[in-house]
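First the structure, in the form of structure tokens, and then the observations on it.
Just so it is clear, none of the values below were taken in a lab; they were calculated from the coordinates. Bear in mind that the values here come from a model prediction, so they are computed numbers and not experimental data. Positions of Cβ are backbone-derived with ideal geometry, glycine not excepted, and every protein chain shown enters the neighbour counts.
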Amino acid sequence: MTASDQTDPGEVELRLAAAAWLARMQGPDADVHRPALEQWLAADARHRRIFERLSRRFDEAAILQLSHRWQPVPSSAGRPRRSLLWTPGLAIAAGLLALLLSPDSTEFGHRSAQSAGDAIIAAQTGRIRTVRLSDGSIVTLDSQSSVSIRFDGARRWLQLVRGRARFQVAHETRPFVVEAGLSRVTAHGTLFDVRLSQRGEVRVALLEGVVDVAVKDAVRTEKNAHVLSAGDAITIRARGTAAIGAHVVDNDRTWPTGMVDADNVALGQLVAEANRYAVVPIRIADPSLTSRRLSGHFRIDDPAHLADNLARLLDVSVDRSDPAALWIGRRDKNISGET
């Protein structure tokens, strides 16, 4: 009898439930599902153990293969089988199912991005990931970010689907093209960041080298291009207009470390940025605190640690009684809102 034959049926059900939760947390409605996830994790220690183990394995699978269509495969009768159209949800579910059924191994994460179809690399909530591509380029993904990749003999094409990524481009003859929103960045051997907001606004910050940034209009026709040199930044709004003349700031350089330099930043803005890394988000119970201005060097990739630091800095307390949130507020108030 194999080890899999001895698996407790209840354990299998928990694995499937954990996979379903992880799939939900990779989608656009992750924030909506987070309170229910926290309740599920708190209900049984096995839930958290299995969920965290699956999360690690999902994270280690550096490149998840995602073909737009299954190519027709000759059947035994010589007739092509029907193709199946994939959706991102199906791709995530298939990837999680493979992780559930496969032994603990990182081999799946080392597939070449030059194989047929597209590949997806993604970073879960609370994790900053670095992935080396088959051409030697390096992509660093911020929390809740994903990039689609397609390499062929003519070019290296990538699309920022969500979030923020840093691209350290290996020198070679094929152009390296990154698309996001209404922008297209073309490089050969450079270091640059691209960030895509939920509103569809794109910011490109060039740290080294030179890149061309093409801007598209609402019908995705390229209408103009801008050349960026090291230290330049550009913002392309969702309607296709560009704000030029900006420059790289300290946080452009330091975000892969999980640190942020705040210069007279509102508490609400700092907390919102930190919550991008939070499974259990920070909530501000006292509205009067939201506009409080802060300056300093903060680690935002560990929201629980940040909440403690803010409590000391602002002379407030942190209420951890709510499994779905870390509440901060004034010491003389019942900050969780309970009566």
Checking rank on 322-328, 33-39, with mean other Cβ inside 10 Å and highest first, the result is 322-328, 33-39
Here segment 301-309 yields Karplus 3J(HN,Hα) values (6.51, -1.76, 1.60; θ = phi - 60°; whole Hz; Gly and Pro given as x) of 7, 10, x, 5, 5, 4, 4, 5, 5
The Rg/Rh figure for segment 258-330, Cα atoms and Kirkwood Rh, to two decimals is 0.91
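Which of the peptides 163-171, 302-310, 40-48 is most tightly packed, and how do the rest follow, going by the mean number of other Cβ atoms within 10 Å of each residue?
Numbers: 163-171: 21.0, 302-310: 18.4, 40-48: 14.0.
So the order, starting with the most tightly packed, is 163-171, 302-310, 40-48.
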Karplus ³J(HN,Hα) for segment 204-212 (6.51 cos²θ - 1.76 cosθ + 1.60, θ = phi - 60°; Hz, whole; x = Gly/Pro) runs 10, 10, 9, 8, 9, x, 9, 9, 9
Amide H proximity to Gln124 below 5 Å, modelled H, separation 5+ or other chain, gives Gln144
For segment 118-257, the Debye formula with one identical point scatterer on each Cα and no solvent gives log10 I(q)/I(0) at q = 0.13, 0.15, 0.18, 0.20 Å⁻¹ as -0.49, -0.67, -1.00, -1.26
In terms of the charge dipole of segment 154-245, which places +1 on Lys and Arg and -1 on Asp and Glu at the beta carbon, the residue among Phe176, Gln198, His188 farthest towards the positive end is Gln198
Farthest towards the positive end of the dipole of segment 258-330, among Ala285, Ile300, Ala262 and with Cβ unit charges of +1 on Lys and Arg and -1 on Asp and Glu, lies the Cα of Ala285
